[in-house]
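Here the structure is laid out as structure tokens; the discussion comes afterwards.
Just so it is clear, none of the values below were taken in a lab; they were calculated from the coordinates. What you see is a predicted model, and the numbers here were worked out from it, not measured in a lab. As a convention, Cβ positions derive from the backbone with ideal geometry for all residues, glycine included, and neighbour counts pool all protein chains shown.
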């Protein structure tokens, strides 16, 4: 399969924890669909200390995985919101 476009989209969205509303990161998202996965190379600002764990409430919101040969975070359903 093809790798995702490295440059990616220019529009950024803010990703928040759905429980405590803490900002997790800014992400260059493409399309209008739900947030299912986040490619690590598209994260523009990361506010977390541990990968996939909210820094405020310590809730796991994502798992590290490889998607199409690229490191990514697979989002657990309902654990994050984005604007």
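Using 1/(1 + (r/R0)^6) with R0 = 22 angstrom and r between the beta carbons of residue 50 and residue 82, what's the FRET efficiency to the nearest 0.05?
0.65
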### Message
Residues of region 20-61 with backbone nitrogen within less than 12 Å of a virtual label 7 Å along the Cα-to-Cβ line of residue 3, please, listed as ranges.
### Response
41
### Relative contact order for region 12-82, counting Cα pairs under 8 Å that sit 6 or more residues apart, in percent
34 percent
### Query
In nm, to one decimal, how far is the residue 58 label point from the residue 37 one, both placed 7 Å along Cα→Cβ?
3.1 nm
